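A.B. asks: Below you'll find the structure I mean.
The values are calculated or read from the model by the stated rules, or taken from the named source; none is laboratory data. Values in this document were obtained by computation on a predicted structure and should not be read as measured data. All Cβ positions, even for glycine, are placed from backbone atoms using ideal geometry, and neighbour counts span all protein chains on display.
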(Lines give C-alpha, C1' and ligand atoms only; values in the text may rest on other atoms or scores of the structure.)
Protein backbone atom coordinates (compact mmCIF):
# COMPACT_ATOMS: atom_id res chain seq x y z
CA UNK A 1 0.00 0.00 0.00
CA UNK A 2 1.23 3.49 -0.86
CA UNK A 3 1.37 5.51 2.30
CA UNK A 4 1.43 9.22 3.01
CA UNK A 5 4.00 10.32 5.55
CA UNK A 6 2.89 10.73 9.13
CA UNK A 7 3.17 14.52 9.14
CA UNK A 8 0.43 16.75 7.81
CA UNK A 9 0.89 18.35 4.41
CA UNK A 10 1.00 22.11 4.78
CA UNK A 11 -0.34 22.96 1.34
CA UNK A 12 -3.48 20.85 1.82
CA UNK A 13 -4.25 22.44 5.17
CA UNK A 14 -3.55 25.92 3.78
CA UNK A 15 -6.00 25.38 0.91
CA UNK A 16 -8.64 24.22 3.39
CA UNK A 17 -7.91 27.23 5.58
CA UNK A 18 -8.26 29.63 2.65
CA UNK A 19 -11.53 27.95 1.68
CA UNK A 20 -12.90 28.46 5.21
CA UNK A 21 -11.93 32.14 5.24
CA UNK A 22 -13.55 32.76 1.86
CA UNK A 23 -16.57 30.74 2.97
CA UNK A 24 -17.12 33.23 5.79
CA UNK A 25 -17.17 36.00 3.18
CA UNK A 26 -19.73 34.05 1.13
CA UNK A 27 -22.10 33.67 4.07
CA UNK A 28 -21.67 37.23 5.33
CA UNK A 29 -22.35 38.52 1.81
CA UNK A 30 -25.42 36.31 1.44
CA UNK A 31 -26.89 37.66 4.67
CA UNK A 32 -26.12 41.39 4.72
CA UNK A 33 -25.28 42.65 1.22
CA UNK A 34 -27.86 45.19 0.06
CA UNK A 35 -30.16 43.50 -2.52
CA UNK A 36 -29.79 46.55 -4.78
CA UNK A 37 -26.07 45.74 -5.14
CA UNK A 38 -26.62 42.13 -6.22
CA UNK A 39 -26.29 43.06 -9.89
CA UNK A 40 -23.45 44.21 -12.12
CA UNK A 41 -20.01 42.89 -12.94
CA UNK A 42 -18.62 43.22 -9.39
CA UNK A 43 -21.30 40.95 -7.99
CA UNK A 44 -20.98 38.56 -10.95
CA UNK A 45 -17.21 38.18 -10.42
CA UNK A 46 -17.72 37.73 -6.68
CA UNK A 47 -20.46 35.19 -7.32
CA UNK A 48 -18.25 33.14 -9.66
CA UNK A 49 -15.38 33.15 -7.16
CA UNK A 50 -17.78 32.11 -4.41
CA UNK A 51 -18.74 29.08 -6.48
CA UNK A 52 -15.29 27.58 -5.88
CA UNK A 53 -15.55 27.57 -2.09
CA UNK A 54 -17.78 24.57 -1.33
CA UNK A 55 -16.21 22.36 -4.06
CA UNK A 56 -12.74 23.14 -2.68
CA UNK A 57 -13.83 22.41 0.90
CA UNK A 58 -15.39 19.08 -0.11
CA UNK A 59 -12.43 18.26 -2.40
CA UNK A 60 -10.05 18.77 0.55
CA UNK A 61 -12.21 16.44 2.66
CA UNK A 62 -11.63 13.80 -0.01
CA UNK A 63 -7.90 14.49 0.14
CA UNK A 64 -7.95 14.03 3.90
CA UNK A 65 -9.88 10.79 3.52
CA UNK A 66 -7.29 9.31 1.15
CA UNK A 67 -4.44 10.29 3.48
CA UNK A 68 -6.29 8.72 6.43
CA UNK A 69 -6.75 5.50 4.45
CA UNK A 70 -3.08 5.46 3.49
CA UNK A 71 -2.10 5.64 7.16
CA UNK A 72 -4.79 3.61 8.91
CA UNK A 73 -6.57 1.75 6.12
CA UNK A 74 -5.11 -1.62 7.10
CA UNK A 75 -6.29 -1.02 10.65
CA UNK A 76 -9.75 -0.01 9.40
CA UNK A 77 -10.01 -3.35 7.62
CA UNK A 78 -9.68 -5.17 10.96
CA UNK A 79 -12.73 -3.24 12.27
CA UNK A 80 -10.76 -2.19 15.32
CA UNK A 81 -10.58 0.93 17.45
CA UNK A 82 -9.15 3.11 14.68
CA UNK A 83 -12.18 2.51 12.48
CA UNK A 84 -14.65 3.17 15.28
CA UNK A 85 -12.73 6.30 16.23
CA UNK A 86 -13.09 7.52 12.65
CA UNK A 87 -16.79 6.69 12.64
CA UNK A 88 -17.23 8.60 15.92
CA UNK A 89 -15.67 11.68 14.31
CA UNK A 90 -18.04 11.39 11.37
CA UNK A 91 -20.93 10.97 13.81
CA UNK A 92 -19.92 14.11 15.68
CA UNK A 93 -19.82 16.05 12.40
CA UNK A 94 -23.24 14.68 11.50
CA UNK A 95 -24.70 15.85 14.82
CA UNK A 96 -23.59 19.39 14.02
CA UNK A 97 -24.70 19.06 10.40
CA UNK A 98 -28.31 18.38 11.39
CA UNK A 99 -28.23 20.73 14.39
CA UNK A 100 -27.32 23.60 12.07
CA UNK A 101 -30.38 22.78 9.96
CA UNK A 102 -32.79 22.33 12.85
CA UNK A 103 -35.80 24.54 12.00
CA UNK A 104 -36.49 24.96 15.73
CA UNK A 105 -34.07 24.25 18.54
CA UNK A 106 -36.80 23.35 20.96
CA UNK A 107 -38.58 20.05 21.44
CA UNK A 108 -41.76 21.91 22.42
CA UNK A 109 -41.73 23.74 19.08
CA UNK A 110 -40.90 20.61 17.09
CA UNK A 111 -43.87 18.76 18.59
CA UNK A 112 -46.31 21.35 17.26
CA UNK A 113 -44.57 21.92 13.92
CA UNK A 114 -46.06 20.88 10.61
CA UNK A 115 -44.34 18.45 8.28
CA UNK A 116 -43.55 21.30 5.90
CA UNK A 117 -41.87 23.27 8.69
CA UNK A 118 -39.70 20.26 9.58
CA UNK A 119 -38.67 19.56 5.98
CA UNK A 120 -35.41 21.62 6.17
CA UNK A 121 -34.15 19.10 8.72
CA UNK A 122 -33.95 16.49 5.97
CA UNK A 123 -31.94 18.66 3.59
CA UNK A 124 -28.35 17.83 2.71
CA UNK A 125 -25.70 20.50 3.21
CA UNK A 126 -21.90 20.50 2.94
CA UNK A 127 -21.27 18.59 6.18
CA UNK A 128 -23.85 15.90 5.41
CA UNK A 129 -22.39 15.49 1.94
CA UNK A 130 -18.90 15.07 3.38
CA UNK A 131 -20.03 12.51 5.98
CA UNK A 132 -22.20 10.36 3.70
CA UNK A 133 -19.68 10.52 0.83
CA UNK A 134 -16.87 9.57 3.21
CA UNK A 135 -18.88 6.56 4.39
CA UNK A 136 -19.46 5.50 0.77
CA UNK A 137 -15.77 5.97 -0.03
CA UNK A 138 -14.82 3.96 3.07
CA UNK A 139 -17.11 1.12 1.98
CA UNK A 140 -15.47 1.08 -1.45
CA UNK A 141 -12.05 0.78 0.16
CA UNK A 142 -13.17 -1.96 2.56
CA UNK A 143 -14.71 -3.83 -0.36
CA UNK A 144 -11.68 -3.60 -2.66
CA UNK A 145 -9.07 -3.92 0.08
CA UNK A 146 -6.36 -2.26 -2.01
CA UNK A 147 -5.68 1.47 -1.94
CA UNK A 148 -4.32 1.67 -5.48
CA UNK A 149 -7.41 0.02 -6.92
CA UNK A 150 -9.58 2.12 -4.64
CA UNK A 151 -7.94 5.32 -5.90
CA UNK A 152 -8.93 4.52 -9.47
CA UNK A 153 -12.39 3.49 -8.31
CA UNK A 154 -12.78 6.93 -6.75
CA UNK A 155 -11.88 8.49 -10.08
CA UNK A 156 -14.49 6.40 -11.88
CA UNK A 157 -17.16 7.30 -9.30
CA UNK A 158 -16.31 11.00 -9.51
CA UNK A 159 -16.50 10.97 -13.31
CA UNK A 160 -19.81 9.06 -13.27
CA UNK A 161 -21.38 11.53 -10.84
CA UNK A 162 -20.15 14.61 -12.66
CA UNK A 163 -21.08 13.32 -16.10
CA UNK A 164 -24.44 11.80 -15.15
CA UNK A 165 -26.14 14.16 -12.71
CA UNK A 166 -27.40 16.48 -15.45
CA UNK A 167 -29.57 13.55 -16.60
CA UNK A 168 -30.50 11.95 -13.28
CA UNK A 169 -31.20 15.23 -11.49
CA UNK A 170 -30.06 16.32 -8.04
CA UNK A 171 -30.55 13.90 -5.17
CA UNK A 172 -31.99 14.50 -2.71
CA UNK A 173 -33.86 17.37 -4.30
CA UNK A 174 -34.37 20.81 -2.75
CA UNK A 175 -31.15 20.56 -0.75
CA UNK A 176 -28.43 23.24 -0.71
CA UNK A 177 -25.65 20.72 -1.50
CA UNK A 178 -27.25 17.41 -2.47
CA UNK A 179 -25.17 14.23 -2.57
CA UNK A 180 -25.60 14.18 -6.33
CA UNK A 181 -23.58 15.92 -7.70
CA UNK A 182 -21.65 17.39 -4.75
CA UNK A 183 -20.23 14.08 -3.54
CA UNK A 184 -18.35 14.00 -6.84
CA UNK A 185 -15.94 16.60 -5.48
CA UNK A 186 -15.02 14.39 -2.51
CA UNK A 187 -14.32 11.42 -4.75
CA UNK A 188 -12.36 13.69 -7.11
CA UNK A 189 -10.31 14.97 -4.17
CA UNK A 190 -9.53 11.43 -3.03
CA UNK A 191 -8.61 10.41 -6.60
CA UNK A 192 -6.30 13.36 -7.30
CA UNK A 193 -4.67 13.06 -3.88
CA UNK A 194 -4.10 9.35 -4.44
CA UNK A 195 -2.36 9.99 -7.76
CA UNK A 196 -0.29 12.76 -6.21
CA UNK A 197 0.76 10.85 -3.10
CA UNK A 198 1.68 7.70 -5.03
CA UNK A 199 3.78 9.60 -7.56
CA UNK A 200 7.58 9.41 -7.31
CA UNK A 201 8.01 12.99 -8.57
CA UNK A 202 5.41 14.99 -6.67
CA UNK A 203 6.82 18.28 -7.90
CA UNK A 204 6.10 17.24 -11.48
CA UNK A 205 2.52 16.27 -10.62
CA UNK A 206 2.06 19.58 -8.78
CA UNK A 207 3.20 21.47 -11.89
CA UNK A 208 0.74 19.48 -13.99
CA UNK A 209 -2.01 20.33 -11.50
CA UNK A 210 -1.18 24.03 -11.74
CA UNK A 211 -1.13 24.15 -15.53
CA UNK A 212 -4.26 22.05 -15.89
CA UNK A 213 -5.96 24.34 -13.39
CA UNK A 214 -4.80 27.43 -15.27
CA UNK A 215 -5.40 26.31 -18.88
CA UNK A 216 -8.35 24.00 -18.22
CA UNK A 217 -11.02 26.75 -17.90
CA UNK A 218 -10.05 28.27 -21.26
CA UNK A 219 -10.41 24.87 -22.94
CA UNK A 220 -13.68 24.18 -21.13
CA UNK A 221 -15.30 27.47 -22.13
CA UNK A 222 -13.91 27.21 -25.66
CA UNK A 223 -15.62 23.84 -25.98
CA UNK A 224 -18.80 25.22 -24.39
CA UNK A 225 -19.03 28.19 -26.76
CA UNK A 226 -17.87 26.80 -30.10
CA UNK A 227 -17.97 23.06 -29.62
CA UNK A 228 -20.75 20.71 -30.69
CA UNK A 229 -24.11 20.93 -28.92
CA UNK A 230 -24.25 18.71 -25.85
CA UNK A 231 -27.32 17.38 -24.03
CA UNK A 232 -26.38 19.22 -20.82
CA UNK A 233 -25.98 22.67 -22.43
CA UNK A 234 -29.22 24.03 -20.97
CA UNK A 235 -28.25 23.01 -17.44
CA UNK A 236 -24.53 23.79 -17.84
CA UNK A 237 -24.21 26.05 -14.79
CA UNK A 238 -26.37 23.79 -12.61
CA UNK A 239 -24.69 20.47 -13.30
CA UNK A 240 -22.56 19.45 -16.25
CA UNK A 241 -19.14 17.85 -16.72
CA UNK A 242 -17.75 21.20 -17.86
CA UNK A 243 -19.04 23.11 -14.84
CA UNK A 244 -17.67 20.56 -12.38
CA UNK A 245 -14.29 20.46 -14.11
CA UNK A 246 -14.21 24.27 -14.16
CA UNK A 247 -14.57 24.36 -10.38
CA UNK A 248 -12.06 21.56 -9.86
CA UNK A 249 -9.57 23.46 -12.03
CA UNK A 250 -9.56 26.30 -9.51
CA UNK A 251 -8.71 23.88 -6.71
CA UNK A 252 -6.02 22.13 -8.77
CA UNK A 253 -4.33 25.41 -9.67
CA UNK A 254 -4.28 26.51 -6.03
CA UNK A 255 -2.97 23.14 -4.81
CA UNK A 256 -0.27 23.01 -7.46
CA UNK A 257 0.85 26.56 -6.73
CA UNK A 258 0.92 26.13 -2.96
CA UNK A 259 2.84 22.86 -3.14
CA UNK A 260 5.79 24.84 -4.49
CA UNK A 261 5.66 26.88 -1.26
CA UNK A 262 5.36 23.86 1.05
CA UNK A 263 8.55 24.45 3.03
CA UNK A 264 8.00 28.18 3.31
CA UNK A 265 4.44 27.68 4.59
CA UNK A 266 5.68 25.30 7.26
CA UNK A 267 7.94 27.98 8.75
CA UNK A 268 6.10 31.26 8.10
CA UNK A 269 3.65 32.69 10.63
CA UNK A 270 0.95 33.18 7.99
CA UNK A 271 1.41 29.66 6.66
CA UNK A 272 1.24 28.22 10.17
CA UNK A 273 -1.92 30.20 10.93
CA UNK A 274 -3.62 29.04 7.72
CA UNK A 275 -2.64 25.44 8.50
CA UNK A 276 -4.20 25.74 11.94
CA UNK A 277 -7.39 27.15 10.43
CA UNK A 278 -7.41 24.22 8.01
CA UNK A 279 -6.89 21.75 10.87
CA UNK A 280 -9.74 23.33 12.82
CA UNK A 281 -12.02 23.83 9.83
CA UNK A 282 -14.99 22.20 11.59
CA UNK A 283 -14.74 24.67 14.49
CA UNK A 284 -14.53 27.60 12.07
CA UNK A 285 -17.34 26.25 9.90
CA UNK A 286 -19.81 25.59 12.69
CA UNK A 287 -18.89 28.64 14.76
CA UNK A 288 -19.29 31.24 12.04
CA UNK A 289 -22.52 29.68 10.74
CA UNK A 290 -24.11 29.82 14.18
CA UNK A 291 -23.35 33.54 14.36
CA UNK A 292 -23.83 34.61 10.73
CA UNK A 293 -27.20 32.90 10.32
CA UNK A 294 -28.14 33.41 13.95
CA UNK A 295 -27.61 36.79 15.60
CA UNK A 296 -25.43 38.66 13.10
CA UNK A 297 -28.21 40.66 11.44
CA UNK A 298 -29.55 41.75 14.80
CA UNK A 299 -26.07 42.80 15.96
CA UNK A 300 -25.42 44.74 12.74
CA UNK A 301 -28.81 46.45 12.91
CA UNK A 302 -28.10 47.39 16.55
CA UNK A 303 -24.70 48.89 15.65
CA UNK A 304 -25.34 50.41 12.20
CA UNK A 305 -29.08 50.96 12.31
CA UNK A 306 -29.53 48.78 9.23
CA UNK A 307 -29.27 45.05 8.59
CA UNK A 308 -28.08 45.49 4.98
CA UNK A 309 -24.74 46.97 3.99
CA UNK A 310 -22.71 48.02 0.95
CA UNK A 311 -19.54 46.24 -0.19
CA UNK A 312 -17.33 48.19 2.22
CA UNK A 313 -19.60 47.34 5.14
CA UNK A 314 -19.66 43.68 4.12
CA UNK A 315 -15.85 43.66 4.00
CA UNK A 316 -15.62 45.16 7.49
CA UNK A 317 -18.06 42.60 8.89
CA UNK A 318 -16.30 39.73 7.09
CA UNK A 319 -12.89 40.71 8.46
CA UNK A 320 -14.31 41.27 11.95
CA UNK A 321 -16.12 37.92 12.05
CA UNK A 322 -13.04 36.13 10.70
CA UNK A 323 -10.69 37.71 13.24
CA UNK A 324 -13.03 36.92 16.14
CA UNK A 325 -13.48 33.28 15.20
CA UNK A 326 -9.80 32.79 14.38
CA UNK A 327 -9.06 34.04 17.91
CA UNK A 328 -11.57 31.64 19.43
CA UNK A 329 -10.24 28.85 17.24
CA UNK A 330 -6.68 29.45 18.43
CA UNK A 331 -7.82 29.16 22.05
CA UNK A 332 -9.61 25.88 21.26
CA UNK A 333 -6.64 24.55 19.27
CA UNK A 334 -4.26 25.38 22.12
CA UNK A 335 -6.52 23.62 24.60
CA UNK A 336 -6.72 20.50 22.40
CA UNK A 337 -2.95 20.47 22.01
CA UNK A 338 -1.99 21.09 25.63
CA UNK A 339 -4.88 19.48 27.48
CA UNK A 340 -6.49 16.89 25.16
CA UNK A 341 -8.33 15.09 27.96
CA UNK A 342 -10.03 18.33 29.04
CA UNK A 343 -10.89 19.13 25.43
CA UNK A 344 -12.51 15.69 25.09
CA UNK A 345 -14.56 16.30 28.22
CA UNK A 346 -15.67 19.67 26.88
CA UNK A 347 -16.93 17.99 23.71
CA UNK A 348 -18.90 15.47 25.79
CA UNK A 349 -20.37 18.28 27.89
CA UNK A 350 -21.18 20.20 24.72
CA UNK A 351 -23.10 17.28 23.26
CA UNK A 352 -24.96 16.77 26.53
CA UNK A 353 -25.79 20.49 26.67
CA UNK A 354 -27.14 20.37 23.10
CA UNK A 355 -29.46 17.50 23.98
CA UNK A 356 -30.62 18.97 27.30
CA UNK A 357 -31.20 22.47 25.90
CA UNK A 358 -33.19 21.02 23.00
CA UNK A 359 -35.43 19.27 25.51
CA UNK A 360 -35.93 22.12 28.01
CA UNK A 361 -35.97 25.32 25.91
CA UNK A 362 -39.48 26.75 25.42
CA UNK A 363 -41.06 27.02 21.98
CA UNK A 364 -40.70 30.82 21.86
CA UNK A 365 -37.03 31.00 22.90
CA UNK A 366 -34.90 33.56 21.02
CA UNK A 367 -31.20 34.12 21.71
CA UNK A 368 -31.34 37.58 20.12
CA UNK A 369 -34.25 38.56 22.35
CA UNK A 370 -32.35 37.24 25.36
CA UNK A 371 -29.52 39.68 24.54
CA UNK A 372 -31.96 42.54 24.04
CA UNK A 373 -31.24 42.82 20.31
CA UNK A 374 -34.82 42.24 19.15
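A.B. asks: Tally up the residues in the range 163-176 that are within 18 Å of the chain's Cα centre (by Cα) and within 17 Å of residue 246 (Cβ to Cβ), please.
C.D. replies: Of the residues in that region, 0 qualify.
A.B. asks: Test residue 318 against the stated conditions and say whether it is touching a residue at least 40 places away in the same chain (Cβ under 8 Å), within 25 Å of residue 45 (Cβ to Cβ), assigned to a helix (DSSP H, G or I) and touching a helix residue (DSSP H, G or I) at 6+ places or on another chain (Cβ under 6 Å).
C.D. replies: Against the criterion (touching a residue at least 40 places away in the same chain (Cβ under 8 Å), within 25 Å of residue 45 (Cβ to Cβ), assigned to a helix (DSSP H, G or I) and touching a helix residue (DSSP H, G or I) at 6+ places or on another chain (Cβ under 6 Å)), residue 318 qualifies.
A.B. asks: So residue 30 ticks every box in (1) in a helix (DSSP H, G or I); (2) surrounded by fewer than 17 Cβ atoms within 10 Å (Cβ to Cβ); (3) touching a helix residue (DSSP H, G or I) at 6+ places or on another chain (Cβ under 7 Å) but one. Which box is left unticked?
C.D. replies: Checking residue 30 against (1) in a helix (DSSP H, G or I); (2) surrounded by fewer than 17 Cβ atoms within 10 Å (Cβ to Cβ); (3) touching a helix residue (DSSP H, G or I) at 6+ places or on another chain (Cβ under 7 Å), the one that fails is (3).
A.B. asks: Got a number for residues in the range 121-131 being assigned to a helix (DSSP H, G or I), buried (at least 16 other Cβ atoms within 10 Å of the Cβ) and over 13 Å from the mean Cα position of the chain (by Cα)?
C.D. replies: Looking only at that region, the number is 0.
A.B. asks: Also, quick follow-up: Which pairs do you get when a residue that is at negative phi and free of Cβ contacts under 8 Å to residues at least 24 places away in the same chain, found in the range 328-342, comes within reach of a residue that is part of a helix (DSSP H, G or I) and surrounded by 12 or more Cβ atoms within 10 Å (Cβ to Cβ), reach meaning Cβ atoms under 8 angstrom, with the pair 6+ apart or on two chains?
C.D. replies: Sorted first by the residue in the range 328-342, then by its partner, the pairs are 335/343; 335/346; 336/343; 342/335.
A.B. asks: Let me ask something else about it. In the range 249-302, what residues are more than 21 Å from the chain's Cα centre (by Cα), surrounded by 15 or more Cβ atoms within 10 Å (Cβ to Cβ) and outside any helix (DSSP H, G or I)?
C.D. replies: 295
Residues checked against (1) farther than 28 Å from residue 43 by Cα; (2) modelled with pLDDT of 95 or more; (3) touching a helix residue (DSSP H, G or I) at 6+ places or on another chain (Cβ under 6 Å):
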| site | (1), (2), (3) |
| --- | --- |
| 283 | yes, yes, yes |
| 295 | no, no, yes |
| 328 | yes, yes, no |
| 354 | yes, no, no |
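A.B. asks: Name the residue that is surrounded by the most Cβ atoms within 10 Å (Cβ to Cβ), counting only residues in the range 208-247 that are touching a residue at least 40 places away in the same chain (Cβ under 8 Å) and over 18 Å from residue 181 (Cβ atoms).
C.D. replies: 209
A.B. asks: So which residues in the range 38-69 are at pLDDT below 95, more than 18 Å from the chain's Cα centre (by Cα) and assigned to a helix (DSSP H, G or I), if there are any at all?
C.D. replies: 41, 42, 43, 44, 45, 46
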